[in-house]
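K.L.:
Quick one: the structure is below, questions incoming.
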Amino acid sequence: MSDVAALALPEAPSRRGLWFDAWRRLGQRRTGIVCLVVLAALAALAIVGPFISPYDADTPDWRAVAVPPGLTDGHWFGTDRLGRDLFVRTLDGLRISLLIGLAATAISLLIGVTWGALAGFVGGRTDALMMRFVDILYSLPFLFFVIVLTVLFGRSPILLFVAIGAVGWLTMARIVRGQAMVLRRREFVEAAIAMGVSTPAIVWRHIVPNALGPVIIYATLTIPQLILYESFLSFLGLGVQEPLASLGSLVAQGAAEMESAPWMLLLPAGALVLMLVCFNFLGDALRDALDPQSHG
């Protein structure tokens, strides 16, 4: 009798809410947790490492120029052609790449969520005009857009944030617009409209909070995408400039010395690949945690 009753009764929903259930499901996915721990360790190492190291990222050691990895000279991961410690420079580049990726993602989230939520909720001709503007920006070559901004305003990290973030919000706007078009038909939104609540209040109190799941999932996938954009620009010489260094500029320097000093390429490239892989696996784990029905 108890077995029949157990089969007849559905599973009771959690009383602690969606986010508690999502965090519990994320904890059951070892890959996501491992990637989260690795990313946290990389971020902590990038922040603390250069300050506790006996070597400076910009100060050359002329007694150890282009030294391969080893324990004899104190530079365990080798040095570059100017005698700068490669491990410290990689950590410094990792910090700048993470900063650019996170800042550009924050810009893209702010613009994309606002634009998409307003377009999807208002609808009609306003929605059509706003999304046609997005289509026009999609048609512009990203590299050409960055080159124009660089020529007009010069090269600076702030310009790099703006340039990368200005094109990173387009897909986010489309995702949030689709969510807003579904949410505006829900009863609580119709009730808010009937009560005379203003459009900005409805968007920020009802539309945006209920679209946070897809936003968080796509944000974890946007960060590695924008870091890759920055690395590509730095590899071409359009991104971070000396004396600063990002993983992209370090990979570019290592590629030029690949035959004679392969360690100059392997360390920054390995850090870049590890970070991008962890972000992508974490995004997949968050998708499964926030949307358990997506895989049945």
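K.L.:
Regarding region 138-154, can at least one residue be identified that is under 16 Å from Ser249 (Cβ atoms) and out of contact with any helix residue (DSSP H, G or I) (no Cβ under 6 Å at 6 or more places or on another chain)? Lay out the reasoning, then the answer.
P.N.:
Filtering region 138-154 down to residues under 16 Å from Ser249 (Cβ atoms) leaves 146, 150.
Right, trim to out of contact with any helix residue (DSSP H, G or I) (no Cβ under 6 Å at 6 or more places or on another chain) and you get 150.
Yes, region 138-154 contains a residue that is under 16 Å from Ser249 (Cβ atoms) and out of contact with any helix residue (DSSP H, G or I) (no Cβ under 6 Å at 6 or more places or on another chain).
Yes or no, residue by residue, for (1) touching a Leu at 6+ places or on another chain (Cβ under 8 Å); (2) surrounded by fewer than 21 Cβ atoms within 10 Å (Cβ to Cβ); (3) assigned to a loop (DSSP other than H, G, I, E, B):
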residue	(1), (2), (3)
His75	yes, no, yes
Leu82	no, yes, yes
Leu99	no, yes, no
Ala104	yes, no, no
Asp127	no, yes, no
Met130	yes, yes, no
Asp135	no, yes, no
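K.L.:
A further question follows. Identify the single condition in (1) modelled with pLDDT of 80 or more; (2) within 30 Å of Phe235 (Cβ to Cβ) that Val203 does not satisfy, given that it satisfies every other one.
P.N.:
Going through (1) modelled with pLDDT of 80 or more; (2) within 30 Å of Phe235 (Cβ to Cβ) one by one, Val203 breaks only (2).
K.L.:
Against the definition (among the hydrophobic types (A, V, I, L, M, F, W, C), at negative phi, at pLDDT below 80 and not in a helix (DSSP H, G or I)), how does Leu286 come out, yes or no?
P.N.:
On the way: among the hydrophobic types (A, V, I, L, M, F, W, C): yes; at negative phi: yes; at pLDDT below 80: yes; not in a helix (DSSP H, G or I): no.
Criteria not met by Leu286.
K.L.:
Can you confirm whether Ala219 is among the small types (Gly, Ala, Ser), under 24 Å from Ala173 (Cα atoms), assigned to a helix (DSSP H, G or I) and touching a Lys or Arg at 6+ places or on another chain (Cβ under 9 Å)?
P.N.:
Working: among the small types (Gly, Ala, Ser): yes; under 24 Å from Ala173 (Cα atoms): yes; assigned to a helix (DSSP H, G or I): yes; touching a Lys or Arg at 6+ places or on another chain (Cβ under 9 Å): no.
It is false that Ala219 is among the small types (Gly, Ala, Ser), under 24 Å from Ala173 (Cα atoms), assigned to a helix (DSSP H, G or I) and touching a Lys or Arg at 6+ places or on another chain (Cβ under 9 Å).
K.L.:
Shifting gears a bit: For region 141-203, which helices (runs of 4 or more DSSP H) that fit wholly inside it have 2 or more residues that are surrounded by 12 or more Cβ atoms within 10 Å (Cβ to Cβ) and basic (Lys, Arg)? Explain how you work it out, then say what you get.
P.N.:
Details: elements: 142-153, 157-183, 187-194, 199-202.
Hits in region 141-203: 157-183.
K.L.:
Hey, could you check region 228-254 for residues that are in contact with a Leu (Cβ under 6 Å, 6 or more places away or on another chain) and more than 21 Å from Phe144 (Cα to Cα) and say which is surrounded by the most Cβ atoms within 10 Å (Cβ to Cβ)?
P.N.:
As a first pass, look at region 228-254 and keep what is in contact with a Leu (Cβ under 6 Å, 6 or more places away or on another chain): 231, 239, 247, 254.
Among the residues that remain, those that are also more than 21 Å from Phe144 (Cα to Cα) are: 247, 254.
Values: Leu247: 32, Gly254: 21.
Taking the candidates together, the pick is Leu247.
The values are calculated or read from the model by the stated rules, or taken from the named source; none is laboratory data. Remember, predicted model here, so these are calculated numbers, not experimental data. Cβ: placed from backbone, ideal geometry, glycine included. Neighbour counts: every protein chain shown.
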